[in-house]
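A short worksheet on the structure shown next.
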Amino acid sequence: MTTATLVEPTGFHALSLCQPVLSAIANAGYKKPSSIQKAFIPRVLTGVDVMGQAQTGTGKTAAYLIPYFERWQDSNHQEPTALVLVPTRELAIQVCDEAVKLCPNKDLHVLPIYGGRPMDGQIRGLRKGVDLVVGTPGRLLDHLGRGTLMLHKVKYLVLDEADRMFDLGFRDDIRRILKNCPEDRQTLLLSATMPPDILNLAKRYMRRPIIHLQMSPKQVTIDKIRQSYFTVDKHNKFELLLKLIEREQPRQCIIFCERKIGAHRIYEQLCGERKRVATMHGDLEQSKRERIMQAFKEGKIVYLVATDVVGRGIDVMNISHIINFDLPMDPENYVHRIGRTGRMGKDGVAISFVTPEEGSELTRIEDFINKMIPEDRFEDFQAYEKRVKNPDEPREVKPIFGRRSKRYSQRL
Ligand code: AMP
């Protein structure tokens with residue numbers, strides 16, 4: 001007698017997936033596919049190369065994992081048939097967690113491969129036989145160099161957060177890794193943004209026809225996130241942070257700083273004021289980063305002071321607030337940062353601290369997301385000093401870029 005698990009029909013049934021995959025999705029608790037999943041899964045299942053503009057929080061990981069499980073669940077369990085390339089260790093762990101959650105067949109082996117961890121354990125895992133490898137470029141190249149990893153059976157290749165991999169300088173590493181994969185494979189590319197570099201990468205390494213699923217910049221910023229900014233002098237930022245925390249009472253919040261040293265300082269200051277504070281930046285040991293991430297996921301940490309490098313990999317559903325203590329240098333990073341909240345359609349709040357000198361940076365962000373961000377302020381707290389111009393000083397004529405700079409120059 002064969003026993004079949006009865007699965008209640010979910011929105012995923014319309015995607016013509018097999019029963020074991022549907023059961024795994026139901027066990028993961030997913031009731032209906034997200035927009036990217038609806039768009040991605042049927043196209044990927046036809047076997048063509050697909051590139052999609054999607055950021056974390058949209059369900060993009062399941063969008064590329066589900067077709068793999070649908071098509072390759074009878075892999076050889078020896079050499080990897082799928083490789084997912086990711087920019088950071090945290091993302092590698094997250095993708096693996098998602099893969100384990102959605103895996104329809106317990107014989108399928110998923111292995112994360114990233115730096116900051118001993119090679120031995122990874123080599124043992126590879127020797128046992130692996131189907132799906134999720135890895136960061138540097139460590140993958142290490143294994144390729146030692147001959148402990150072979151990619152000649154890879155049929156399904158995913159470049160996840162491709163723009164971020166370029167930002168982190170992995171361009172040549174990616175090329176070297178791709179040379180080790182068979183040409184006869186399906187390639188998927190996901191990126192929150194599609195600058196010319198990424199389009200060139202696609203042209204070079206993807207087969208025609210490439211289906212390009214593009215969202216407008218407006219859709220890139222998740223609409224459910226309530227965004228605002230405060231004008232604040234640098235030396236008042238910490239006081240503003242405390243007032244904001246008091247007012248907003250975040251469930252969980254990430255406070256983004258531009259530099260490690262800044263993140264550490266804010267962390268130490270905040271520890272003196274609040275409980276359940278932690279920091280995540282590139283200088284921390286990998287095992288510590290993982291412990292902090294786990295505690296954050298479990299809700300034991302409320303305030304996480306982070307830099308962008310680690311901020312990207314954070315997938316915690318309960319984050320209610322993003323505070324940009326420092327504005328990101330790059331407008332694309334703004335989108336990545338605020339994408340940590342408002343996940344899977346939940347509401348979120350993103351608040352940015354802007355010094356009076358940073359008006360044009362804010363304008364660049366607004367242009368990029370195609371939206372004006374409203375200003376917020378405390379009636380009882382003057383966060384910045386009005387600049388008083390000396391009327392005798394010769395006027396310096398500066399070009400004014402964009403709306404915000406105009407607004408700033410009028411007010412200050
Ligand atoms: P991602 O955009 O891949 O980082 O996914 C964001 C979060 O949404 C992850 O925690 C996933 O487990 C979750 N998720 C993905 N797809 C669905 C879905 N269809 N329904 C509910 N949650 C989902």
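Summary of computed values
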| quantity | calculated |
| --- | --- |
| Lone unmet requirement of (1) more than 16 Å from the ligand (Cβ to nearest atom); (2) more than 25 Å from LYS288 (Cβ to Cβ); (3) touching a residue at least 60 places away in the same chain (Cβ under 8 Å); (4) not basic (Lys, Arg) for LEU102 | (1) |
| Listing of strands (runs of 3 or more DSSP E) fully contained in the stretch 42-145 that carry 1 or more residues being of a type in the set (S, T, N, Q) and under 17 Å from LEU159 (Cα atoms) | 49-53 |
| Filter result (open to solvent by 100 Å² or more (accessible area, probe 1.4 Å) and either within 23 Å of GLY339 (Cβ to Cβ) or among the acidic types (Asp, Glu) (or both)) within the stretch 226-267 | ARG226, GLU246, GLN249, ARG251, ARG259 |
| Pairs with Cβ under 6 Å, 6+ apart, first in the stretch 17-34 and assigned by TED's automatic domain parsing to the domain that holds GLN73, second away from the ligand (no atom under 12 Å from the Cβ) and assigned to a helix (DSSP H, G or I) | LEU17/GLU70; VAL21/PHE69; VAL21/GLU70 |
| Per-region count, the stretch 329-364, residues assigned to a loop (DSSP other than H, G, I, E, B) and either surrounded by fewer than 21 Cβ atoms within 10 Å (Cβ to Cβ) or acidic (Asp, Glu) (or both) | 5 |
| Scan of the stretch 165-194 for residues that are open to solvent by 10 Å² or more (accessible area, probe 1.4 Å), closer than 18 Å to LEU91 by Cβ and part of a helix (DSSP H, G or I), ordered by number | PHE166, ASP167, ARG171, ASP173 |
| Residue among LEU284, LEU270 that alone is assigned to a loop (DSSP other than H, G, I, E, B) and either in the same structural domain as LEU45 (by TED's automatic domain parsing) or open to solvent by less than 40 Å² (accessible area, probe 1.4 Å) (or both) | LEU284 |
| Only listed residue being within 15 Å of the chain's Cα centre (by Cα), more than 16 Å from the ligand (Cβ to nearest atom) and among the β-branched types (Val, Ile, Thr), chosen from VAL277, VAL309 | VAL309 |
| Lone qualifier among GLN94, GLN55, GLN73 - being more than 11 Å from the ligand (Cβ to nearest atom) and among the polar types (S, T, N, Q) | GLN73 |
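The values are calculated or read from the model by the stated rules, or taken from the named source; none is laboratory data. What you see is a predicted model, and the numbers here were worked out from it, not measured in a lab. Because the Cβ atoms are built from the backbone with ideal geometry, glycine has one as well, and the counts that use them run over all protein chains shown. Side chains are part of the model used for accessible areas, which takes the heavy atoms of the whole protein and leaves out ligands, DNA and RNA. Shrake-Rupley method; radii C 1.70, N 1.55, O 1.52, S 1.80 Å.
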